[in-house]
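Derivation of every value follows stated rules applied to the coordinates shown; laboratory data play no part. These numbers come from a predicted model, not from an experiment. All Cβ positions, glycine included, derive from the backbone under ideal geometry; neighbour counts span all protein chains shown.
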Amino acid sequence: MEPDLHLSSKTCAPGSAHRGAMSTTTHTTHPASHPASPEGHDWREAGEAWGSGAVDWACLFEHYAVNVLLVTMDRLHVGEGTRLLDIACGSGLGIRFAEAAGAETAGIDAAESLVRVAQARSPRSDVRHGDMFALPWADASFDAVTSVNGIWGDCEAALAEAYRVLRPGGRIAISFWGRGRLDLRPVFKVFAANSPESHQQGMRRTNNIARDGVAEAMLASAGFEVLERGSRLSMVEWPDADTAWRAIATLGPAQPALRNVGPEALRPQVMAVLDGLVDDSGIYRFCNDQEYVVAQKPT
Ligand SMILES: C[S@@+](CC[C@H](N)C(=O)[O-])C[C@H]1O[C@@H](n2cnc3c(N)ncnc32)[C@H](O)[C@@H]1O
């Protein structure tokens, strides 16, 4: 079976950074795992994994999403005054796109270190450290919601939360790794092969959100009307092997393998894959199909 391309691993430091003026509920503490979370998902553990290389993620990987962000900002009609929430916002590239269009933004992510980067980049944004399965905003707070590769196959409960915080007529766009070219597939196989058995079992979970109709069915069961499904190329480039390795080593699913076998053992196996992606100019070009689905909360 294929490894789960969205799998995120375990624990994040406690604490939350509640800022900004958008209406809020009073969540000041969070349980380790919200009752509606998928089995085995601990948001703090996921945040610790994704946040372990926050600086390198923010500078060397995050721009993988520019093409899908361009199309989703358009489809969500993000403009002057749009109230937009980015779920699993990472270090905040989606927030920056929305701000550039004139939106009032908010974001949430499980990785405290990524949240800090997003807050530094976008000080006026209401970016919080927390769990997408228990959003700390009141009903109907937003006109638009995005989640760029933050929602995976069994995250119906996160979509229910997104539905709750959207106003009637508001739109959501989610993206995920698609069904076309995926340079990351052999890399994730290396991660899985080097992870402890317990993590391998998790990584073998089916990456079913990309399958025909699955994302649409998840959105529909949360109450949304599906408007569109599309796909964009995700391309990240690195100038040399060291930079490529640093970028790849930030990924959440790399962390169990790094802890299990160490970077000395993991790096050569990953680079054996990435070395096959170098072009005539010496650029490491990492290309992946990124699909998106746009939906609307009925009026
Ligand atoms: C693939 S990264 C995408 C980050 C960002 N959307 C981007 O595209 O740059 C997945 C993100 O999901 C976050 N995450 C995982 N589980 C979460 C949860 N339960 N609540 C909030 N964020 C979560 C991780 O911390 C990580 O930043």
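Odds and ends about this structure:
- Test: residue in the range 105-114 that is without any contact (Cβ under 8 Å) to a residue 12 or more places away in the chain and more than 16 Å from the chain's Cα centre (by Cα): no
- Filter result for Ser234 (of a type outside the set (Lys, Arg), loosely packed, with under 15 Cβ neighbours inside 10 Å and under 22 Å from the mean Cα position of the chain (by Cα)): no
- Cβ pairs under 8 Å, 6+ apart, first in the range 263-288 and at negative phi, second of a type in the set (S, T, N, Q): Ala265/Asn194; Leu266/Asn194; Gln269/Asn194; Tyr284/Thr243; Cys287/Ser234; Asn288/Ser234
- Per-region count, the range 278-288, residues touching a Phe, Trp or Tyr at 6+ places or on another chain (Cβ under 9 Å) and surrounded by fewer than 17 Cβ atoms within 10 Å (Cβ to Cβ): 3
- Within the range 252-262, being surrounded by 23 or more Cβ atoms within 10 Å (Cβ to Cβ) and either within 14 Å of the ligand (Cβ to nearest atom) or on the phi > 0 side of the Ramachandran plot (or both) holds for Gly252, Pro253, Ala254, Gln255.
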